[in-house]
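S.K.: The structure's right below; bear with me while I get my questions together.
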Amino acid sequence: MNSMQDNGAHDRSFKDDLEKLSQAYQQLKTENPPELLDQAVLNRAHRAVEAQARWLDFGWIHGLTTAAVVVLALSIILTQSQPLRFEENGMLPADPARKDVGRAKPALIAAKAQAGAKARPAADREELDELPATKAARSEHALLEEDMVQAKVPAEVSVSKQAVVTLAVESPEIGSGPAKIDAVKTDADQIVAERSQLPAAEAQLQAILMLKHAGNDRWKAELKLFIESYPDYPLPDELEN
Amino acid sequence: MWEGPALLVPPTRIPHPPLGVLSRISYAAFMREMTDEQLMQQYAHGNAKAFDQLYARHRGALYRYFRRQVRDEATANDLYQGVWEKIIRARRKYRSSSPFTAWMFRIAHNHLVDHYRRTQPLTTTEMDSLADQRPEPVQHAVDGQQWQHLQENIAALPPEQRNTLLLKLETGLKMEEIANLTGVSRETVKSRLRYAVNKLKRSLVE
């Protein structure tokens, strides 16, 4: 009990002393930082919020920039994925050597190949009706053909009836009018048919020749099948006998 | 004149400045009515004037805290500026749930401890040099012998006791808050204060 009273008395004494000391110390609170130091701190504080305000003022620019970057990235990805889809559809053999063609004009080649694949008689009239538009794309056709030749792309894949018709109708020797257009269409059918057969037959003949040179007797059976498929196709001298 | 920290103010919504035509005088008066916590929040939201008010309230206490802890004035100035720099940088991290004074002096205490660690060893040399400090001529004229005597005795205290005593005298924080700020128990704070007060009492009586 006494010790508790002692502690209480000590505490009171301590608090009184601390209070007196605080009062004495209050009178000594005259020391302040130099004015230059004040200015340095205040300038730093003001600069910090000014920079913050500038950032907030132009915050919408950051949002806009982010959106633009996202759109750009998406468009690049979509553009790059065009040749892949083209190859997946079987429109162009997935040969690494031909990838440069895909990279050079992927959208153009894809459009042409799809147009060729979907070429239907019913659509021909529409294509002819759209001649002014195809006329505008004439240079693109020419470029496409050039690329195909350089890359040795099989013609049966790349040449469409539309392309042939477009090129033929735009030729200066051929006039205009429905009769002429029909004539051109008939010729175009023949051209497409011929061009679509040629390389395939040639390739088969080359394969048969290779079999023969390799001493594989299968070449005879393959040649027989070839003659059945292409009865009028001229055979090389080596296979004639 | 610094009127002490607003410690017991509960976190409330920051009042909007008065609408209409704001004269500079009324706006300054409005700022003066705001608590430290509200001013700090205002500053965190980009109001530089709020910082001016906050700085005016605490500049003296923080400066004296460092001035009486370290040897030379240049070091005290560096420490003082460094703490404000930290406060400015950490303005968005400040939460009004904790009293600003306690938050500021926690930064100051940690800054001082870092300084001590960098300038090892902190022993009697530091304290001796502190004891050698002389008041500025103006202060000497104002407060006379008492100022010098008390300052010398405070400077002669062991660093932990001196730090605890200065936190108490400069900020008016409660013992629990000082304990929380310095990372020791309340009893340790009380013990350090008791020793410090007794030593100063004896020396002042002598």
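S.K.: Taking the criterion of being modelled with pLDDT under 80, more than 60 Å from the chain's Cα centre (by Cα) and exposed (fewer than 14 other Cβ atoms within 10 Å of the Cβ), would at least one residue in the stretch A:27-46 satisfy it? Walk me through how you get there before you give the answer.
M.R.: To start, the set of residues in the stretch A:27-46 that are modelled with pLDDT under 80 comprises A:27-30.
Pick out the ones that are also more than 60 Å from the chain's Cα centre (by Cα) and you get A:27-30.
Filter again for exposed (fewer than 14 other Cβ atoms within 10 Å of the Cβ), leaving A:27.
Looking for residues that are modelled with pLDDT under 80, more than 60 Å from the chain's Cα centre (by Cα) and exposed (fewer than 14 other Cβ atoms within 10 Å of the Cβ), one finds at least one in the stretch A:27-46, hence yes.
S.K.: Ok, one more. What are the residues in the stretch B:32-80 that are in contact with a Ser or Thr (Cβ under 6 Å, 6 or more places away or on another chain), of a type in the set (Asp, Glu) and within 21 Å of B:His149 (Cα to Cα), if any?
M.R.: Selection gives nothing.
S.K.: Let me ask you something else. So B:His58 passes all but one of these: (1) in contact with a helix residue (DSSP H, G or I) (Cβ under 9 Å, 6 or more places away or on another chain); (2) away from chain A (no Cβ under 14 Å). Which condition number does it fail?
M.R.: Exception for B:His58: condition (2).
S.K.: Is there any pair linking a residue in the stretch A:201-212 that is over 10 Å from A:Leu223 (Cα atoms) to one that is of a type in the set (Gly, Ala, Ser) and in a helix (DSSP H, G or I), with Cβ under 9 Å and at least six apart or on different chains, and which?
M.R.: A:Ala201/A:Ser229
S.K.: Within the stretch B:80-97, work out how many residues are within 13 Å of the chain's Cα centre (by Cα) and surrounded by fewer than 22 Cβ atoms within 10 Å (Cβ to Cβ).
M.R.: Qualifying residue count, the stretch B:80-97: 1.
S.K.: Now for a separate question. Go through the stretch B:172-206 residue by residue and tally those that are more than 10 Å from every other protein chain (Cβ to nearest Cβ), more than 17 Å from B:Ala102 (Cβ to Cβ) and surrounded by 20 or more Cβ atoms within 10 Å (Cβ to Cβ).
M.R.: Result for the stretch B:172-206: 1.
S.K.: Determine if the stretch A:55-74 includes at least one residue that is within 14 Å of another protein chain (Cβ to nearest Cβ), under 30 Å from B:Tyr80 (Cα atoms), assigned to a helix (DSSP H, G or I) and at pLDDT 70 or above.
M.R.: Checking the stretch A:55-74: not a single residue is within 14 Å of another protein chain (Cβ to nearest Cβ), under 30 Å from B:Tyr80 (Cα atoms), assigned to a helix (DSSP H, G or I) and at pLDDT 70 or above.
The values are calculated or read from the model by the stated rules, or taken from the named source; none is laboratory data. Given the structure is predicted, the values throughout are model-derived calculations rather than measurements. Every residue, glycine among them, receives a Cβ derived from its backbone with ideal geometry; neighbour counts consider all protein chains shown.
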